[in-house]
Amino acid sequence: IVLVHGLWMNGLAMLPLARRLERCGFAVTRHGYQSVRRGLRENARRLAAVCEKAGAPLHLVGHSLGGLLIMTMLNDHPQVRVHRVVLVGSPYANSVAAQGMARFGMSRELLGRTLKDWLRQPRPPVPDGVELGVIAGDVSIGLGRVVARLPKPNDGVVMLDEAHVPGAADSIVLHTSHSAMLVSPAVARAICAFLKNGRFGP
């Protein structure tokens, strides 16, 4: 598995999840990238290079912006062979929270190039041959509530509707907030189930 973190994070943020997935039987790599300074296409190119060196079958798991980076990489670099992907709290359809931050001068810069590039582009579809699972949360605790009035249900940053991906093989809503997903045993169990079976349920 290659784990990809979200905005303002680094590979260390994915360590608790990585350890749980290792106990589930997977070899795990944590991929770090510069979410603020580098653009979406450059980060996608660097992720593709990491994936091409990894063994098969390859799975990808992205939290928040990391999931959007994965989707871009899959469409920009079809030579990368991936079996299953899980997006965890990723605002695929839109980000009202990001739009709320963009209304403020300093906050606009904090959004970084990668997220702003994503919001400007058409949403890439799920590639043929890739099984995609979507995990969303419904505990409304997070920065998104400060910068925007998010309609419920949401995870404090991403609304449930924003996490929806057309063509996903399966999806699940867990009782967790956006940041807590990284340390949630339930999230780790759901990821493990999907990567092994192609679905979240039994």
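The values are calculated or read from the model by the stated rules, or taken from the named source; none is laboratory data. Since we're looking at a predicted model, the values are computed, not measured. Counting neighbours? That spans all protein chains shown, and the Cβs are built from the backbone with ideal geometry, glycine included. Only protein heavy atoms, including side chains, enter the accessible area calculation; ligands, DNA and RNA are left aside. Shrake-Rupley method; radii C 1.70, N 1.55, O 1.52, S 1.80 Å.
DSSP beta bridges confined to the chain are antiparallel in about 5 percent of cases.
If one computes P(r) from the Cα atoms of segment 47-138, what percent of pairs lie at distances over 23 Å? For segment 47-138, the share of Cα pairs beyond 23 Å comes to 28 percent.
Ranked by the mean number of other Cβ atoms within 10 Å of their residues, highest first, the peptides 192-199, 133-140 fall in the order 133-140, 192-199. For a straight C-alpha distance cut-off of 20 angstrom, the aspartates and glutamates reachable from Lys196 (same-chain residues fewer than eight places away being disregarded) are Glu22, Asp128, Glu131, Asp170.
Rounded to the nearest 20 debye, the dipole size of the chain about its Cα centre is 420 debye, using +1 on the Cβ of Lys and Arg and -1 on the Cβ of Asp and Glu. Residues Cys24, Cys51, ordered by accessible area of protein heavy atoms at a 1.4 angstrom probe radius and largest first, appear as Cys24, Cys51.
Which of these, His178, His83, His59, has the largest mean-square fluctuation under a Gaussian network model of the chain (Cα springs below 10 Å)? Result for the chain, Cα springs under 10 Å: His83 fluctuates most. In the chain, the portion of solvent-accessible area held by carbon and sulfur atoms comes to 54 percent [1.4 Å probe, whole percent, DNA, RNA and ligands not counted].
Projected onto planes of every orientation and averaged, the convex hull of the alpha-carbon atoms in the chain covers 9.9 nm². From helices alone, the chain scores -10500 deg cm²/dmol at 222 nm; the rule is -39500 (n - 2.57) for each run of n ≥ 4 DSSP H residues, then divide by the residue total. Projection of the Cα convex hull of segment 2-52, averaged over all directions and equal to a quarter of that hull's surface, yields 3.5 nm².
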